[in-house]
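The values are calculated or read from the model by the stated rules, or taken from the named source; none is laboratory data. All values derive from a computational prediction rather than experimental measurement. Cβ coordinates were reconstructed from backbone atoms using ideal geometry, including for glycine residues, and neighbour counts include every protein chain displayed. Accessible surface areas use protein heavy atoms only, side chains included; no ligands, DNA or RNA. Shrake-Rupley method; radii C 1.70, N 1.55, O 1.52, S 1.80 Å.
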Amino acid sequence: MSLVDESPTTRYYDFVVEEATGAPDGVEKLMLVVNGMYPGPTIEANVDDRIVVNVTNRMPNVTAIHWHGLFQNGTNYYDGTDAITQCGIPPGEWMVYNFTFDDWTGSTWWHAHVDTQYTDGITGALIVHGRNESVPAYDEDLVIQVSDLYHGFSADLLEYYFTPGGIDGTPGNEPVPDGGTINGVGQYSSHNTSFFNFTLQPDKMYRLRIINPGTFVPLAFSVDGHTLTVIEGDGTPVEPVEVSSVSVAVAQRYSVLLKTNQTAGAYWMRAALDTTQFTYDNPGCQTEIRGVIRYGVDNDAMPDVSLLDNPPALPSGSPGELDTDNLVPVGGGPAPDPTLTVYFTMSMEYPEGEDESTSRYLAFINQTSWEPLSNTSSLFSHLGNSTPTGSSDFGGSQLMTTVNDWSVVDMIIDNLDDGDHPFHLHGYKFWIMDGGDGRWQGQTPNNTAPMFRDTVVIPAYNWMILRFVADNPGYWPFHCHIGWHMSAGLLFQFNILPSKSAQFQIPQYMLDMCGR
């Protein structure tokens, strides 16, 4: 906590990205790691600091690091999105990311943004302290990263996902995880009997910053015998909400307060995979990952093992799982009225006219399935800069909505798929205006105090309206954060204020990397 009192400074980091063999849950597997770690290093800073990260790529493939949720106002080229804001860092080379936080505070993370690389381990937490955050007082910060885990390497799993006819004979079936981790530690059958653990102090208030850097499913986080108080979602302080557990979708973050005021002892932390998302049976899957929180006892004290599969119930009248409809931003109020409306449908299907016995089952937004550009990026090629405001398809794989003037944009989205999709907008937060079953039929949203965040789950066969102020120049993806779906094309781009992004002073060596 002393970090908050430090003077503004520049914080330097060196990241070395490479292949390694690891066993997060006791089963050995090929991984991609940063500085030999999974999860990678946590970046912790104050809102008025500058961050400089030198990334060296020792892998055989290109890579790029995305700083999830940050605005990157004026530094769109450091957003770290391969083929959109940069070309990937070639093997054996390096790149420096140099940015500030633009008043962004809260809990977030960083991860690789090339293919499915972050599935194999290139992730880490990023914590930004505000000088006067609008959250209740607490004594100490803890970072808790909960994630699904695959024993296979993601490139092989992606090919499995694209199996003609689909996994288990059903097109679009996503690979089912083998388990998960809490801060990089999981359990799988008898392969691993260790648990990530915290030894805390009694009668203290702890802020648990819960991050899901996973690939596919939400995880429900809870601590036996304790209620939690939600105070932040995706960097937005919220009016406190008491809950028994918090379901954290892929790429989302929540801060909860935990008071160590129960009987001194050791308690199970739990992160339960949402098995309702599974489309076929994986008999060996470890569906709940456990950790330990203890206080007032010895550092090696463990919870009662008989409770592992029989979690104790909270007292009668205790709150239930978080309902995101109850999230209200601190000081929140109506969003500004829209000046530009764009409509999108998303679906997953075979490309029109292709043989279903050999074709890949792809994802589409307005009939366009995204594929990364080769040897260039949208920003570097000024893709779409000469077009009027509105949506256009370039090259059959680049759906782009250009916004030439400052605007308040409404995205009206119809999810025509039978699955839930956690969508993330780079460079912005959006207001979640409204949503519901079926297709949008012209409903007017209730604009009282909508939640303001950067990642939202759009449920199966539902519509949703998201609103944001388009004032941050650059190329900003809006995409599903399920790794398999983004690889299948579930991404499009906003090209905001191209007259300003065309004037960016992009480092020459970043442009030169495209040719290599």
Dipole moment magnitude, nearest 20 debye, the chain about Cα centre, only Lys, Arg, Asp, Glu C-beta charged: 960 debye
How big is the stretch 389-442 along each principal axis, measuring the range of its Cα positions in Å and listing the largest first? 32, 27, 23
Rank Ile51, Pro8, Thr448 by how far each Cα sits towards the positive end of the charge dipole of the chain (+1 on Lys, Arg Cβ; -1 on Asp, Glu Cβ) and give me just the farthest. Pro8
Projected area, mean over directions - the stretch 168-320, Cα convex hull, nm²: 10.3 nm²
Inter-centroid distance (Cα atoms) of the stretch 67-113 relative to the stretch 389-436, Å: 20 Å
Kindly work out what percent of the DSSP beta bridges joining two residues of the chain are antiparallel, to the nearest 5. 75 percent
Give the peptides 429-442, 201-214, 123-136, 468-481 in descending order of average Cβ contacts within 10 Å, highest first. 468-481, 201-214, 123-136, 429-442
Percent relative contact order of the stretch 229-271, based on C-alpha pairs within less than 8 angstrom and at least six residues apart? 40 percent
List the relative contact order of the chain as a percent without decimals, with contacts defined as Cα pairs under 8 Å and 6+ residues apart. 15 percent
Estimated [θ] at 222 nm from DSSP helical runs (n ≥ 4, -39500 (n - 2.57)) normalised by residues in the chain, nearest 500: -1000 deg cm²/dmol
List, largest first, the extents of the alpha carbons of the stretch 62-208 along their principal axes, each in whole Å. 54, 46, 31
What fraction, in whole percent, of alpha-carbon pairs in the stretch 203-292 exceed 19 Å separation? 43 percent
Using a Cα-Cα cut-off of under 17 Å, which aspartates and glutamates could be cross-linked to Lys500, ignoring same-chain neighbours fewer than 8 residues away? Asp79, Asp405, Asp471
Per residue value of the accessible surface for the stretch 66-130 (all protein chains in place, 1.4 Å probe), Å²: 18 Å²
Hydrodynamic radius of the stretch 351-426 per Kirkwood, over alpha carbon pairs, in Å: 15.0 Å
Calculate how large, on average over all directions, the projected area of the Cα convex hull of the stretch 162-220 is; give the answer in nm² to one decimal. 6.4 nm²
About the Cα centre, and with charges only on the beta carbon of Lys, Arg (+1) and Asp, Glu (-1), how big is the dipole of the stretch 1-157? Nearest 20 debye, please. 320 debye
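Using the Cα centre of the stretch 396-516 as the reference point, and only Cβ charges (+1 on K/R, -1 on D/E), how large is the resulting charge dipole? Debye, rounded to the nearest 20.
Roughly 340 debye for the stretch 396-516.
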Please figure out what share of the DSSP beta bridges in the stretch 15-159 is antiparallel and state it in percent, rounded to the nearest 5. 75 percent
Once the mean 1/r over all distinct Cα pairs of the stretch 250-385 is inverted, what Kirkwood radius in angstroms do you read off? 22.0 Å
For the stretch 281-298, take each phi angle, set θ = phi - 60°, evaluate the Karplus expression 6.51 cos²θ - 1.76 cosθ + 1.60, and give the result in whole Hz per residue in order, putting x for glycine and proline. 8, 10, x, x, 4, 8, 8, 9, 9, 10, x, 10, 10, 9, 7, x, 9, 4
The chain - percent of accessible surface contributed by carbon and sulfur, probe 1.4 Å: 46 percent
Residues of type aspartates and glutamates that Lys259 reaches as a straight line, Cα spacing below 13 Å, ignoring anything fewer than 8 places off in the same chain: Asp139, Glu140, Asp141, Asp203, Asp224, Glu242
Regression test value, accessible area per residue of the stretch 326-379, probe 1.4 Å, units Å², expected 54 Å²
With θ taken as phi - 60° and the coefficients 6.51, -1.76 and 1.60, list the Karplus ³J(HN,Hα) couplings across the stretch 91-101 in order, rounded to whole Hz; mark glycine and proline as x. x, x, 10, 9, 8, 9, 9, 9, 8, 10, 9
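For the full complex of protein chains and a 1.4 angstrom probe, list Ser222, Ser378, Ser189 by accessible area with the highest value first.
Final ranking, largest accessible area leading: Ser189, Ser222, Ser378.
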Can you tell which of Tyr361, Asn472, Val292 lies farthest toward the positive end of the dipole of the chain, using +1 and -1 charges on the Cβ of basic and acidic side chains (Lys, Arg; Asp, Glu)? Asn472
Highest average packing first - 15-21, 100-106, 503-509, Cβ atoms within 10 Å: 100-106, 15-21, 503-509
Roughly speaking, what is the stretch gain from Asp203 to Ala155, that is 0.36 nm per residue apart minus the C-alpha to C-alpha distance, in nm to one decimal? 12.6 nm
Apply the Karplus parameterisation 6.51 cos²θ - 1.76 cosθ + 1.60, with θ equal to phi minus 60°, to every residue of the stretch 267-279 and state each ³J(HN,Hα) to the nearest whole Hz, in sequence, with x for glycine and proline. 10, 6, 8, 10, 10, 9, 5, 7, 6, 5, 7, 6, 10
Per-peptide average of other Cβ atoms within 10 Å, ordering 36-46, 295-305 highest first: 36-46, 295-305
Under 5 Å, built H, 5+ apart or other chain: amide partners of Val248: Leu219, Ala220, Phe221
Mean separation of Cα pairs under 8 Å and 6+ residues apart, divided by the residue count of the stretch 225-357: what relative contact order is that in percent? 29 percent
Looking at Thr193, Tyr461, Leu379, which one has the Cα that reaches farthest to the positive end of the dipole of the chain (charges on Cβ: Lys, Arg +1; Asp, Glu -1)? Leu379
Beyond 45 Å, what share of the Cα-Cα pairs of the chain is found? Please give it as a whole percent. 9 percent
